[in-house]
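Student: Let me begin by handing over the structure; questions about it come next.
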Amino acid sequence: MSPFRMTRTLPEDATDAALRADVQHGLTTSPKTLPPKWFYDARGSELFDEITQLPEYYPTRAEREILIARAHEIAAATGARTLVELGSGSSDKTRHLLDALTDLTTYVPVDVSESALRGAADTLLAERPGLDIHAMVADFTAAFDLPRTPGPRLVAFLGGTVGNLLPEERAAFLTAVRGLLAPGDFFLLGTDLVKDEATLVAAYDDAAGVTAAFNKNVLTVMDRELGADFRPDAFEHVAVWNAECEWIEMRLRSTTAQTVKIPALGLAVDFAAGEEVRTEVSAKFRQEGVKAELHDVGLELVHWWTDAEGRFALSLSRA
Ligand code: AVJ
């Protein structure tokens, strides 16, 4: 019997259809927007990995510090037998949790990337041959059902990616997460915290220009997937702190007036000189806000942990 199974809830061509719909909608409305999920082709994922190692980009290191310090408390508080990880990617940081969760029998990584799931499962199976791994190819922002696995369940959503969702999307997402949980199950959420503007902007506009390359990579994705003729050098990377919404916005600013053709959509898109496309929001949080948003969907905050510098938080809540 193989301890590894893979379930696909995402049709093979769903990604393609969703990209078309998002680009069609986002580039024909004003102001122009593109959802951040399209950064992450192979090159984009590589660039994000590089970002996590930059001196200015603290969230990955801060979250890892918390996980290492608190993994045993998380294990004791939850007694989890199943760990579900949304947006698991390489399952790199998850290792700290897997090692501490002594009652764990089952790991359910959920990601849109089948190749990332296979890679992560291969590595984990070699290290933990007894672990039952049920990988799911699914979009965690859409509805999906979990396989029947032993409780209590711990659903984890790490990295601060929840900040990429707009407030209404976030409420819908948290409601869906709540729907995956039975009474006595837990939700572990990573959130980047509000802090001084200079630190935040530097984290999204690094000196080496890696984040700029990551941002512009979405243009390369549209060129390849949709036959578009975006020239990455005709756009510049912009990162600004929106103090009212308490989020970082990444934008791509057209350096000249230009028209870009997108043959797959039969579309020609005009850009004025200086016109910006919003490509990402990355919301930053405060404890009271997180607690209230969890409470609104029926989750009770039971632990709030930050790194020593108070830059990032992990919250544990119970259904
Ligand atoms: C992977 C969504 C957590 O918002 O900080 C990094 C993505 N964007 N640099 C974030 C990102 C620019 C990152 N998340």
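Student: Quick check on Lys195: is it surrounded by fewer than 19 Cβ atoms within 10 Å (Cβ to Cβ) and basic (Lys, Arg)? Walk me through how you get there before you give the answer.
Tutor: Values: surrounded by fewer than 19 Cβ atoms within 10 Å (Cβ to Cβ): yes; basic (Lys, Arg): yes.
Yes; evaluated as a whole, the condition is true for this residue.
Student: Residue under question is Arg70, and the condition is that it be under 30 Å from Ala264 (Cα atoms), away from the ligand (no atom under 14 Å from the Cβ) and part of a helix (DSSP H, G or I); does it hold?
Tutor: Values: under 30 Å from Ala264 (Cα atoms): no; away from the ligand (no atom under 14 Å from the Cβ): yes; part of a helix (DSSP H, G or I): yes.
For Arg70, the condition - under 30 Å from Ala264 (Cα atoms), away from the ligand (no atom under 14 Å from the Cβ) and part of a helix (DSSP H, G or I) - is not met.
Student: Can Thr82 be described as more than 16 Å from the ligand (Cβ to nearest atom) and farther than 23 Å from Thr279 by Cβ? Spell out how you get there, then give the answer.
Tutor: Numbers: more than 16 Å from the ligand (Cβ to nearest atom): yes; farther than 23 Å from Thr279 by Cβ: yes.
For Thr82, the condition - more than 16 Å from the ligand (Cβ to nearest atom) and farther than 23 Å from Thr279 by Cβ - is met.
Student: The conditions are (1) out of contact with any strand residue (DSSP E or B) (no Cβ under 7 Å at 6 or more places or on another chain); (2) under 23 Å from Val162 (Cα atoms); (3) of a type in the set (D, E, K, R), and Arg8 fails exactly one of them. Which is it?
Tutor: Looking at each condition in turn, Arg8 falls short on (1).
Student: Please work out which residue is nearest to Ala228 (Cα to Cα), limiting yourself to the stretch 13-55 and to residues that are among the hydroxyl-bearing types (Ser, Thr, Tyr) and more than 12 Å from the ligand (Cβ to nearest atom).
Tutor: Going residue by residue through the stretch 13-55, those that are among the hydroxyl-bearing types (Ser, Thr, Tyr) are 15, 28-30, 33, 40, 45, 52.
Okay, now just the ones that are also more than 12 Å from the ligand (Cβ to nearest atom), so 15, 28-30, 33.
Values: Thr15: 17, Thr28: 15, Thr29: 18, Ser30: 20, Thr33: 16 Å.
Top of the filtered list is Thr28.
Student: Go over the candidates Glu244, Glu168, Glu225, Glu197 one by one and state the one that is of a type in the set (Asp, Glu), away from the ligand (no atom under 11 Å from the Cβ), out of contact with any helix residue (DSSP H, G or I) (no Cβ under 9 Å at 6 or more places or on another chain) and closer than 29 Å to Ala14 by Cβ. First the steps, then the outcome.
Tutor: Numbers: Glu244 fails: closer than 29 Å to Ala14 by Cβ; Glu225 fails: out of contact with any helix residue (DSSP H, G or I) (no Cβ under 9 Å at 6 or more places or on another chain); Glu197 fails: closer than 29 Å to Ala14 by Cβ.
None of the others qualify; the one that does is Glu168.
Student: Considering every residue within the stretch 176-189, establish whether at least one is over 18 Å from Ala239 (Cβ atoms) and within 16 Å of the ligand (Cβ to nearest atom). Give the derivation first.
Tutor: To start, the set of residues in the stretch 176-189 that are over 18 Å from Ala239 (Cβ atoms) comprises 176-189.
Adding the requirement that they be within 16 Å of the ligand (Cβ to nearest atom) leaves 188-189.
The answer is yes, given that some residue of the stretch 176-189 is over 18 Å from Ala239 (Cβ atoms) and within 16 Å of the ligand (Cβ to nearest atom).
Student: Something else about it: Do we find a residue being under 28 Å from Gly289 (Cβ atoms), surrounded by fewer than 21 Cβ atoms within 10 Å (Cβ to Cβ) and aliphatic (A, V, I, L, M) anywhere in the stretch 144-160?
Tutor: Yes, that holds for at least one residue.
Rundown of residues vs (1) among the aliphatic types (A, V, I, L, M); (2) closer than 23 Å to Val269 by Cα; (3) touching a helix residue (DSSP H, G or I) at 6+ places or on another chain (Cβ under 7 Å), yes/no style:
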position: Asp13; (1), (2), (3): no, no, no
position: Tyr57; (1), (2), (3): no, no, yes
position: Thr60; (1), (2), (3): no, no, no
position: Ile74; (1), (2), (3): yes, no, yes
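Student: Here is a follow-up. Criterion first (more than 18 Å from Thr28 (Cβ to Cβ) and outside any helix (DSSP H, G or I)) does Glu309 satisfy it?
Tutor: Working: more than 18 Å from Thr28 (Cβ to Cβ): yes; outside any helix (DSSP H, G or I): yes.
Yes; evaluated as a whole, the condition is true for this residue.
Student: When you check Gly209 against the structure, is it within 15 Å of the ligand (Cβ to nearest atom) and either charged (D, E, K, R) or surrounded by fewer than 16 Cβ atoms within 10 Å (Cβ to Cβ) (or both), yes or no?
Tutor: Here the answer is yes, as Gly209 does meet what is asked.
Student: How many residues are over 18 Å from the mean Cα position of the chain (by Cα) and within 30 Å of Thr259 (Cβ to Cβ) when one looks only at the stretch 171-209?
Tutor: Adding up the residues that qualify gives 2.
Student: May I ask you to list pairs of residues, at least six apart or on different chains, whose Cβ atoms are under 8 Å apart, with the first in the stretch 274-303 being closer than 30 Å to Ala257 by Cβ and touching a residue at least 60 places away in the same chain (Cβ under 8 Å) and the second being assigned to a helix (DSSP H, G or I) and more than 16 Å from the ligand (Cβ to nearest atom)?
Tutor: Val277/Gly26
Student: Can Gly87 be described as surrounded by 15 or more Cβ atoms within 10 Å (Cβ to Cβ) and either in contact with an Asp or Glu (Cβ under 9 Å, 6 or more places away or on another chain) or polar (S, T, N, Q) (or both)? Even if it seems obvious, please write down each step before you answer.
Tutor: Details: surrounded by 15 or more Cβ atoms within 10 Å (Cβ to Cβ): yes; either in contact with an Asp or Glu (Cβ under 9 Å, 6 or more places away or on another chain) or polar (S, T, N, Q) (or both): yes.
When the stated conditions are applied, Gly87 passes them.
Student: Restricted to the stretch 20-57, and to residues that are more than 15 Å from the chain's Cα centre (by Cα) and of a type in the set (Gly, Ala, Ser), which residue is surrounded by the fewest Cβ atoms within 10 Å (Cβ to Cβ)?
Tutor: Checking each candidate, the answer is Ser30.
Values in this text are rule-based calculations from the coordinates and carry no lab data. Just so we're clear, the structure is a prediction, and the values are computed from it rather than from any experiment. Positions of Cβ are generated from backbone atoms using ideal geometry, with glycine treated the same way; all protein chains shown enter the neighbour counts.
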